[in-house]
1. If I model a spin label as a point 7 Å beyond the Cα along the Cα-Cβ vector, how far apart are those points for B:Arg154 and B:Glu134 in nm?
2. Which distances, shortest first and in nm, link A:Ala88 to the matching position in the other copies, using label points set 7 Å out along Cα to C-beta?
3. For the rotation taking chain A to chain B, which residue of A has the Cβ nearest the axis, and how many Å away is it?
4. To the nearest 0.05, how large is the calculated FRET efficiency for B:Asp91 and A:Asp54 if R₀ is 51 Å and r is the Cβ-Cβ distance?
5. Taking region B:1-72, how much of its Cα-Cα pair set, in percent, is spaced more than 17 angstrom apart?
6. Mind checking the angle between helix A:182-197 and chain A's longest principal axis? C-alpha axes, 0 to 90 degrees, to the nearest 10.
7. Distance from a point 7 Å along Cα→Cβ of A:Ala24 to each backbone N in region A:35-75: keep the residues under 16 Å and list them by number.
8. I'd like to know how region A:122-182 sits against the 2.2 N^0.38 Å rule of thumb: what's its Cα Rg over that expected value?
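Here, each number is a calculation from the coordinates, and none is a lab measurement. Computed from a prediction, not measured in an experiment: that's the story for all the values here. When we count neighbours, we look across all protein chains shown, and the Cβ atoms used for this are built from the backbone with ideal geometry, even at glycine.
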2 protein chains.
Amino acid sequence: MRNDERREWLRAALIDAAEAAIAAEGLSALKARDLARDVGCALGTIYTVFPDLDALILRVNLRTLALFERAITAVPIAPEPEGKATPAERDTAVETLVRLAVAYLHFAAEHPARWRALFQHRVTHALPDWYLVEQVRLFRYIEAPLRVLRPDLRDRERALLARSLFSATHGLVSLGLDEKLMVLSEPVLRGQIEIVVGA
Amino acid sequence: MRNDERREWLRAALIDAAEAAIAAEGLSALKARDLARDVGCALGTIYTVFPDLDALILRVNLRTLALFERAITAVPIAPEPEGKATPAERDTAVETLVRLAVAYLHFAAEHPARWRALFQHRVTHALPDWYLVEQVRLFRYIEAPLRVLRPDLRDRERALLARSLFSATHGLVSLGLDEKLMVLSEPVLRGQIEIVVGA
DNA sequence: CGCTGGCGTGAACGTTGTTCACGAACGCAG
DNA sequence: CTGCGTTCGTGAACAACGTTCACGCCAGCG
């Protein structure tokens, strides 16, 4: 069936157009009619591919998460120590966490509209499972260094600590971008993270 | 003129109704037609009192900030030490910061819809001056203990540190409420704040 | 060739926030 | 008291939105 091909192509084209619209003008600039015009299909056709615009936004956000992961994996990964971690190994684990936080700041600064869309959206609705799985997967990048620093914690506790670290960092980054004092906040962020990690 | 009285009464009634709607069902439940019906005026009358619904929401948020301030002032204020602070005075300053953070958590937990409206709204628009002034005023509650802990900083730097502390706390609280593990996060929050304050 | 079933289509629907021409009500001069 | 002008609330109307659905085209089979 060439029909399936066309549907798949449409799906990709719609995500492309939505991503471009969000990246250019923000989430609120995403309009069903503009999308239909951009990809050259009818208005109703969108709803034969996605149940609603929320689902489309979620796909765009998934791409943003993937883009972010590519940015994250550019930071050097700490080798996994065996047994008790030496003080030097602990230092590199801390440094990895700090680099992750700084990478988060840079990503938010480079893709402000995409990044805002990640948090502006979900506020009301519950998220589908496949999206949560992706989020949990990304949290592993934080949990790995924590495994070195706090081998005494159980997985559940370590996951909670990772979320705490992330949300504190997110708060700092979020405010830093709002106030447009990013230049000032990179060293501040480094300092703060180093301190928080001291737990 | 009884006309001015009526306008003032309408203004208050509209803010009341908007506040009730937001507190009950969230920001997205605020509808111009519902407001008009609730206060018993015509749809267009709203726009003779406020330029648009954004301005009305801002007024509701101002009330939320006032409500929050009343919650904040319930925490014991640290007396201002003169000259160099003793270690005990430093401890009470830290304790004040922690209590402020916990009060923030409790306020967000008790008034989730009002609290969300504070941050869900401004995302796009620029805020009017009188609103920013109110925000800056509330930040003084954080800056006061910081004056004890870091007398070496200039006002500008201290204000920045206050905003960093707030945003980190906000991140923790925000995530804590989303995941509904508030019970778990109160001790966590205490610990995190104590550590961050160690700067 | 004709029928039929599936599917893209865009007009239409229901809800928004916001505007604006109308008309009632009030004050004042004659 | 009457006539007129001004003011201001009014709600019908507008524009824009996400979403739906009855229509009609076209492919595939008998």
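1. The two pseudo-label positions are separated by 3.1 nm.
2. Those separations, rounded to one decimal, come out as 4.7 nm.
3. A:Gly171, 1
4. 0.55
5. 41
6. Compared with the principal axis, the helix lies near 50 degrees.
7. A:35-41, by backbone N distance to the label point.
8. After normalising by residue count via 2.2 N^0.38 Å, the value is 1.34.
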